[in-house]
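Working notes, structure below.
The values are calculated or read from the model by the stated rules, or taken from the named source; none is laboratory data. In this text, all values refer to a predicted model and were calculated from it rather than measured experimentally. In this analysis, Cβ positions are derived from the backbone assuming ideal geometry, glycine residues included, and neighbour counts consider all displayed protein chains. Side chains included, ligands, DNA and RNA excluded: accessible areas come from the protein's heavy atoms. Shrake-Rupley method; radii C 1.70, N 1.55, O 1.52, S 1.80 Å.
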Amino acid sequence: MASLALSGSSLLNPHKTPHYTPKTPSSIRCDKLPESVRCRENGKPVTVGREYNGQLAPSFPSFLTTPNRLLLDRFSDPKADTRLRIFSGTANPSLSQEIACYMGLELGKIKIKRFADGEIYVQLQESVRGCDVYLVQPTCPPANENLMELLIMIDACRRASAKNITAVIPYFGYARADRKTQGRESIAAKLVANLITEAGADRVLACDLHSGQSMGYFDIPVDHVHGQPVILDYLASKTISSDDLVVVSPDVGGVARARAFAKKLSDAPLAIVDKRRHGHNVAEVMNLIGEVRGKVAVMVDDMIDTAGTIAKGAALLHQEGAREVYACTTHAVFSPPAIERLSSGLFQEVIVTNTIPVAEHNYFPQLTILSVANLLGETIWRVHDDCAGGFEPYSSLGID
């Protein structure tokens, strides 16, 4: 039987374990990177350079292992480009440190504190005059706190005469409020986009927006990075037989995402969970479109919040005879009671990325967290360099 083949992804060698553990060439030292920010495997710390799953932790995506003079010059003297600055908010400092480590840079010095009444104070503690500034801050829970912090960071950079300000938003909160489903509703995604633009951002770098139209809400350029390559490479390393694989969309709205995912997994067959509610306080009727009996089902979504939809879908897949069920998502929001539902035994493995920090008390045995730091770090370099120097095209990173 044919083994799983991965198409359209070149971030890692699929025969290596694809946890994105940050590591740099010998000329760059990241001694300040604490053990707690390492990518974790099934809730266990993963140490750089140590063997796990019988293999060493990888250091760079495979397309970076080919000789590239500009890349080598950049890493041999990362301080040569003094116009690039990266600052981290308080929402996900671990991811920010991994990105800076991958790029061979130090995080910029910034002071962020909260007054007794809850107001946020931001002060840059180094000059950014004439610099390209990248602010890493997902608007994850608490969404309002983190959003306001991002806006004040942008304003501080603008008033400090930064040349360009890019808001790096691994998880864009309020993205689900992207349209009116009933009368007299707000479209909060557009409002937040306006706030970020008016605060002074020149560009936005986001990862797996809930819907593509959210890019159109911004009046500034948006680089949309997909986390699929990270998850695809991990699944490819598991050598699941392509004859046994089926990709499942947990709802009708995610069919396009699941179809794109399936195409890159040896053009795997597609199944859809059709969920219908016939009235208020009436139990949902769930139907399965497609064949899953005896197969390994991979459920794909952009985020897991309370895990209600994906857990009910997994239960239906088991009823229909699926051998194993995997859950794959970019954003691990994990609002209660998500942990109880995900760890109930329905899933063989729950694969997420670190766009949102997962608290240690929320780890469970089936959880695998992959890092998108290399993906975002390389995207920042390409945006900063205007994709110059003979790099592969943006499509290799899945950037829109």
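Assorted remarks:
- Normalised per residue, the accessible area of the range 213-346 is 41 Å², obtained with a 1.4 Å probe and no contribution from ligands, DNA or RNA.
- Evaluating 6.51 cos²θ - 1.76 cosθ + 1.60 at θ = phi - 60° for every residue in the range 334-347, the Karplus couplings come out as 6, 7, x, x, 4, 4, 4, 5, 6, 9, 7, x, 6, 10 Hz, glycine and proline recorded as x.
- Long-range HN-HN contacts of G227 with modeled amide H, under 5 Å: D208
- Rolling a 1.4 Å probe over the protein heavy atoms leaves S186 with an accessible area of roughly 90 Å².
- The H on the amide N of A271, modeled in the peptide plane, is under 5 Å from the matching H of V247, V248, S249, each at least 5 residues off or on a different chain.
- For the residue pairs K111/K180; K190/K275; K264/K312; K109/K180; K190/K295, alpha carbon separations beyond 31 Å are given by K111/K180; K109/K180; K190/K295.
- Cα-centre dipole for the range 267-385 with unit charges at Cβ (Lys and Arg positive, Asp and Glu negative), debye to 20: 380
- For the range 299-345 versus the range 230-254, the gap between their alpha-carbon centres in whole angstrom: 14
- Rolling a 1.4 Å probe over the protein heavy atoms of the range 186-298, with every protein chain left in place, gives an accessible area that is 51 percent carbon and sulfur.
- Positive end of the dipole of the range 142-207 (Cβ unit charges, origin at the Cα centre): among P142, G173, I152, the Cα lying farthest that way belongs to G173.
- Close amide H contacts of A175 (hydrogens built in the peptide plane, cut-off under 5 Å, sequence separation of 5 or more or a different chain): none are found.
- Taking the square roots of five times each eigenvalue of the Cα gyration tensor of the range 232-303, the equivalent ellipsoid has semi-axes of 26, 13, 9 Å, listed largest first.
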